[in-house]
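Inspection log for the structure reproduced underneath, given as structure tokens.
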Amino acid sequence: MAEARPRVATVDPVWQRIVEEGHAAILAEPLLGGLVHSSLLHHPSMERALAYRFSLKLASGEMSEQILREIADEAYASDPELGQMARADMVAVYERDPACHRFLQPILFFKGYQAVQAYRVGHWLWTNGRQDLAYFVQMRVSEAFGVDVHPAAQIGRGIMIDHAHSIVIGETAVVGDNVSMLHSVTLGGTGKEDGDRHPKIGNGVLIGAGAKVLGNIHVGHCSRIAAGSVVLQDVPPCTTVAGVPARVVGEAGCAQPAVTMDHLLSDG
């Protein structure tokens, strides 16, 4: 007779921490009980909670919560990578944003995190040939969060977008892993040209508030773009660029500028 083996529960430390923080939040502020239960504690997994938040935030008279939730549930069930990227983004926000003290904050309150997760569902739709529905998601993300990311853009994991107001990322843009950017960043084109026309951002890049990176140019790994800069040419790896138009003003200052979030330029 075959020996019965005990089933081992899946370990999900990010989701477990969110659940624990949810219970603590209700104890501290009972008026948040309905929000925390419906958004977090009612769901068996982070993916299901994300699908609920996606549908709640993007629903309108044109598309109901039920339909949007079915779309998101299908996306997370079809591509487990979406959930893993959501966890990586969550940890990135917690580690890099000094205003983030708990894991539950991004999923409940931070529109940058929520916009990125909604983009990921739209990108899944796009890559699965459902372009019109992906465009609808893009439209609603722009209307709800003030973040306009084309669903064809390619964005890596461990992304932190702080404040997130007026972010624009174009169709052929590529953003690597562990990138941090602040509000009013544009990854755009330079005119009416078609084809591959948007920036390629390397891993570990820090993009300051209001920076504009324009055209099919490459920003090297672990570089920094100073706030308010207009970048029109390639940026070498591990350097800092600043100005209008931007020029190299020094080294990046550290190995991982997107993690340290140090925007200060050295006197030298």
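The values are calculated or read from the model by the stated rules, or taken from the named source; none is laboratory data. None of these values were measured; they are calculated from a predicted model. Note that we place each Cβ from the backbone using ideal geometry, even for glycine, and neighbour counts take in every protein chain shown. When the accessible area is computed, the model is the full protein with side chains, heavy atoms only, and any ligands, DNA or RNA have been set aside. Shrake-Rupley method; radii C 1.70, N 1.55, O 1.52, S 1.80 Å.
A few points about this structure:
- Extension reserve of the S45-L265 stretch, reckoned as 0.36 nm per residue once the Cα distance is removed: 74.9 nm
- Nearest-ten-degree value, helix 13-28 long axis tilted from longest Cα axis of the chain: 70 degrees
- Residues considered: G158, G129, G202. Largest GNM mean-square fluctuation over the chain, using C-alpha springs under 10 Å, is found at G129.
- Percent of beta bridges antiparallel (DSSP, the chain, rounded to nearest 5): 15 percent
- Against the chain, whose longest principal axis is taken from its Cα atoms, helix 111-127 shows a tilt of about 90°.
- Computed lengthening from H23 to V11, 0.36 nm per intervening residue step minus Cα-Cα distance: 2.4 nm
- Summary value for the range 29-173: 20 percent relative contact order, contacts being C-alpha pairs under 8 angstrom separated by 6+ residues.
- The range 60-114 - percent of accessible surface contributed by carbon and sulfur, probe 1.4 Å: 52 percent
- Scattering curve values for the range 43-148, log₁₀ I(q)/I(0), Debye with Cα scatterers, q = 0.10, 0.11 Å⁻¹: -0.25, -0.30
- Per-pair calculated FRET efficiency, R0 = 30 Å: N216 and A255 via Cβ, rounded to 0.05: 0.65
- Diffusion constant of the range 111-182 at 20 °C, which comes from Stokes-Einstein with the Kirkwood Cα-pair radius and 1.002 mPa s, µm²/s: 181 µm²/s
- Positive contributions from Lys and Arg (+1) and negative ones from Asp and Glu (-1), summed over other residues with Cβ under 13 Å from the Cβ of A242, come out at +2.
- Set of lysines near K212 by C-alpha distance (under 24 Å), chain-local residues within fewer than 8 positions excluded: K111, K192, K200
- Residue-normalised accessible area of the range 1-124, expressed per residue, 1.4 Å probe, Å²: 53 Å²
- Total formal charge among the other residues, if their Cβ is under 12 angstrom from that of G208, Lys/Arg +1 and Asp/Glu -1: 0
- Cα-projected label distance for T190 with H37, points at 7 Å along beta-carbon direction, nm: 5.7 nm
- Residue-normalised convex hull volume from the C-alpha trace of the range 39-88: 73 Å³ per residue.
- The ellipsoid that matches the Cα gyration tensor of the range 89-230 has semi-axes, each √(5λ) in whole angstrom, of 21, 19, 13, with the longest given first.
- Entry comment: accessible area of the range 163-249 is 40 Å² per residue, from protein heavy atoms only and a probe of 1.4 Å.
- Per residue, the convex hull around the alpha carbon atoms of the chain comes to 166 Å³.
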